[in-house]
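Heads up, the thing below is written out as structure tokens.
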Amino acid sequence: MAVVYEVVVTCEPAVADRLAEYMTERHLPQILATGCFAFIEFEQSTLHSYRTRYLADSQLDLDRYFAEHTATLRDDFAKHFPSGITSVERVNWNVLRTYRREVESASST
């Protein structure tokens, strides 16, 4: 069963641009390179609130990520942002079902 690991970070407005750049240019590519996740989505809801959704194919993949990679990656995050982060919330979700819209193929005439 697939598992979604979700992290919501709220920061002070002064660090928002730097946080977005760090996440997209460094942190998230490093996490994807661990091979623990099938995909990662990085989203913004306000100027200083970001959500990242990581899809692992199984709980074993997520557990491997936590056991082998989180300490190093969180340390790097803390070094880049010793201040300016106002909250971090983490939640795991079990994917019960995924719905996708059907895509019609173009017919040739």
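Just to check your reading of the model, which residue among S83, S58 is among the hydroxyl-bearing types (S, T, Y), touching a helix residue (DSSP H, G or I) at 6+ places or on another chain (Cβ under 9 Å) and loosely packed, with under 14 Cβ neighbours inside 10 Å? Give the derivation first.
Working: S58 fails: touching a helix residue (DSSP H, G or I) at 6+ places or on another chain (Cβ under 9 Å).
That would be S83, the only listed residue that is among the hydroxyl-bearing types (S, T, Y), touching a helix residue (DSSP H, G or I) at 6+ places or on another chain (Cβ under 9 Å) and loosely packed, with under 14 Cβ neighbours inside 10 Å.
In the range 2-10 there is no residue matching the filter, namely being out of contact with any Ser or Thr (no Cβ under 9 Å at 6 or more places or on another chain), farther than 17 Å from W93 by Cβ and surrounded by fewer than 18 Cβ atoms within 10 Å (Cβ to Cβ). Of the numbered criteria (1) surrounded by 15 or more Cβ atoms within 10 Å (Cβ to Cβ); (2) of a type in the set (G, A, S); (3) within 27 Å of P13 (Cα to Cα), the one A71 fails is (1).
I'd like to check something: does the range 72-81 contain any residue that is more than 13 Å from H27 (Cα to Cα) and modelled with pLDDT of 95 or more? Steps first, please.
From the range 72-81, those more than 13 Å from H27 (Cα to Cα) are none; that's our starting set.
Taking every residue of the range 72-81 in turn, none turns out to be more than 13 Å from H27 (Cα to Cα) and modelled with pLDDT of 95 or more.
Within the range 38-55, the set of residues being farther than 29 Å from P13 by Cβ and buried (at least 16 other Cβ atoms within 10 Å of the Cβ) comprises just one member, L55.
The values are calculated or read from the model by the stated rules, or taken from the named source; none is laboratory data. Because the structure is predicted, anything quoted here is derived from the model rather than measured. Positions of Cβ are generated from backbone atoms using ideal geometry, with glycine treated the same way; all protein chains shown enter the neighbour counts.
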